[in-house]
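To start, the structure under review is shown below, and the notes come after it.
The values are calculated or read from the model by the stated rules, or taken from the named source; none is laboratory data. These numbers were taken from a predicted model, which means no experiment stands behind them. Reconstructed Cβ throughout: ideal geometry from the backbone, glycine too, with neighbour counts over all protein chains shown. In case anyone asks, the SASA skips ligands and DNA or RNA and just uses the protein heavy atoms, side chains included. Shrake-Rupley method; radii C 1.70, N 1.55, O 1.52, S 1.80 Å.
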Amino acid sequence: MRKSHSLVSLSMQALMIPLFLVLLLPLHVSASDSVYETFVQCLSNQTNQPDQVSNIVYSQTNPSYTTVLRAYIRNSRFNTSTTPKPTIIVTPTQESHVQATVICTKNIGIQLKIRSGGHDYEGISYISDVPFIILDMFNLRSITINLQEQTAWVESGATLGELYYRIWEKSKVLGFPAGLCPTVGVGGHLSGGGYGSMLRKHGLSVDHVLDAKLVDVNGKILDKESMGEDLFWAIRGGGGASFGVILSYKINLIPVPETVSVFRIERSLDEEENVTDIVYKWQQVAPTTDDNLWMRMLVQPVSSKVNKGEKTIRISILTMFLGNAEELVALLDKDFPELGMKKEGVTEMSWIDSAVWWANYDNGTSPSVLLDRNPDSANFLKRKSDYVQTPISKDGLEWLWKKMIELGKTGLVFNPYGGKMNEIPASATAFPHRAGNLFKIQYSMNWDEEGIELEKNYTAQIRRLYSYMTPFVSKNPRSAFLNYRDLDIGINNNDKNSYEEGEVYGVKYFNDNFHRLVKVKTAVDPHNFFRNEQSIPTNPSKP
């Protein structure tokens, strides 16, 4: 009897453990369900559109949830089974939905993340360690061109490719100075100080922002006039997500010539004796030459074609010139004869075709490719940034080549400054990196396979190269570019030390403009509702 009794009690225990877990499970699900129900009820009340609300809100149990979440994840590092997922995704189709989302998220007391394109390198717009809701702006993508004014209103969920295409549809001699990757969302790109191949002639995207519409922490829609000078200053280079939800920007379109010229040349250290000389000379020419000329340089460790099994350094110079091939070759003969550029190596095209060329499509590809949002495509990647203010010596470059070959994979992208960037004061917009910088560096690491050890290896490699570069880059602060988001330079836990933590990365991204940004933040969002791992903190409250 005793034996059978103990068997019964053991089997009861075995039953009780899963039962306990089963009882726990509905508690977790119901907590998430109750947040969803409360949120939907609030949205319905705020918008007076109960029928529409269910079509724009996705809970984790919605069959389309994963597809919607993944569609704008551009870094595969943040698309794993262990990546924290939002409780709810909201995909507004009109401005009132955005207003209601801000109000309801605030009422529930949950974190709000705002995503316009998903290119943020650290996934800040779509992951969090605390429960959160994503406000995904991809449906708000209208673009209205006014040819008479030479302006456009662009909603923040539009992509750069869509913007370029819509301008080109209306005019062959107007363009806009922004990024080279067509799937980048306008909202994040413009608010962080976007740039592209017309940087030296026309400055940054933010230098051409005339007005904006933003939903503030109280759910009100503000424009330039009602938001005031300080907030309008802050969202041009200070990142929009610290201050509100950017709905749209009014931008000034710029004239572009009917013919522009592009070329790409490559040189390898193992095949050319003068690669170091070219890179040294590039540092002096690229930031000072004619403002119509922009020469990006890629520096990459690659497998040697000469010495099998060994690595070498390859440089690639990709060039945009606002003019024809003849003018470009004459200019390079004078300023950069070491390149030995001939007219046959240059391709003339329209401005819209250059946007297609920069996006790595074959010559002759239709500009309609710029409308492809290309969902579900992503690499594993890590990026970092620096600014160079004095040329790196030839000895320094030779040492750098050795280090890059030793490390094996991390590449560098040199983006020249000068021209218009020297003419605009550092305090004109929240974006501070202007005169005094020769070029900006993007550190670039991509890989294809998932795996914790692989990721550790590759991220350690890029961090080591960043460390090696310390003697060659800006100091006090060692500056960084907000749109090349990098959590290595500081993370904000948004607790009692929020200001101190925010200052660490804040002065790197914004230099002296950081303190003005803190004042604006404190005035417009005193309770720090719009927050993320690298948002602008509020002023610590005075005792």
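When restricted to Cα atoms, the stretch 143-255 yields an Rg and a Dmax of 13.2, 42 Å, respectively.
Backbone geometry of the stretch 514-520 corresponds, through the Karplus equation with coefficients 6.51, -1.76 and 1.60 at θ = phi - 60°, to 3J(HN,Hα) couplings of 4, 5, 5, 4, 5, 4, 5 Hz, x marking Gly and Pro. The ellipsoid equivalent to the alpha-carbon distribution of the chain has semi-axes of 43, 30, 23 angstrom, derived from the gyration tensor eigenvalues as √(5λ) and listed largest first. Computed over every Cα-Cα pair of the stretch 44-136 and binned at 5 Å starting from 0, the pair-distance distribution P(r) comes out as 2, 14, 25, 26, 18, 10, 4, 1 percent. Other residues within the sphere of radius under 13 Å centred on the Cβ of THR61, judged by their own Cβ, net out at -1 (K and R +1, D and E -1). Taking amide H as placed 1.01 Å from N in the peptide plane, SER171 has no amide H partner under 5 Å among residues 5 or more places away or on another chain. Of LYS106/LYS496; LYS382/LYS519; LYS213/LYS521, which pairs sit farther than 22 Å apart, going by alpha carbon to alpha carbon? Correct reply: LYS382/LYS519. The alpha-carbon of LYS342 sits under 17 angstrom from the alpha-carbons of these aspartates and glutamates, leaving out residues fewer than 8 places away in its chain: GLU266, GLU326, GLU327, ASP333. The spacing between the stretch 390-453 and the stretch 298-360, judged by their C-alpha centroids, is 18 Å. Extension gain for GLU37-ASN493 works out to 161.3 nm (0.36 nm per residue, less the C-alpha to C-alpha distance).
Using only the C-alpha atoms, the convex hull of the stretch 159-214 corresponds to 87 Å³ per residue. Loop-resident trypsin sites (Lys or Arg not before Pro) (DSSP state other than H, G, I, E or B) in the stretch 468-535 with no more than 14 further Cβ atoms inside 10 Å of their Cβ: LYS475, LYS496.
VAL40: net charge of surrounding residues, Cβ under 14 Å, Lys/Arg +1, Asp/Glu -1, itself excluded? My count for the surroundings of VAL40 gives -3.
Placing unit charges on the Cβ atoms only, positive for Lys and Arg and negative for Asp and Glu, gives the chain a dipole magnitude near 1220 debye about its Cα centre. Shape descriptor for the stretch 464-543: Rg over Rh equals 1.01 (Cα atoms; Rh from the Kirkwood inverse mean 1/r). Taking the alpha-carbon distance from LYS475 and a cut-off under 13 Å, which aspartates and glutamates remain once sequence neighbours fewer than 8 residues away in the same chain are dropped? The reachable aspartates and glutamates, counting only those whose Cα sits under 13 Å from LYS475, are ASP386.
Packing, taken as the mean count of other beta carbons within 10 Å per residue, orders the peptides 35-43, 240-248, 487-495, 58-66 from highest to lowest as 240-248, 35-43, 487-495, 58-66. Which entries in LYS85/LYS224; LYS250/LYS440; LYS343/LYS440; LYS113/LYS508; LYS311/LYS440 show an alpha-carbon gap greater than 31 Å? Cα-Cα > 31 Å for LYS85/LYS224; rest within. Only protein atoms count toward the accessible area here, which uses a 1.4 Å probe; on the stretch 143-255, the carbon and sulfur part of that area reaches 47 percent.
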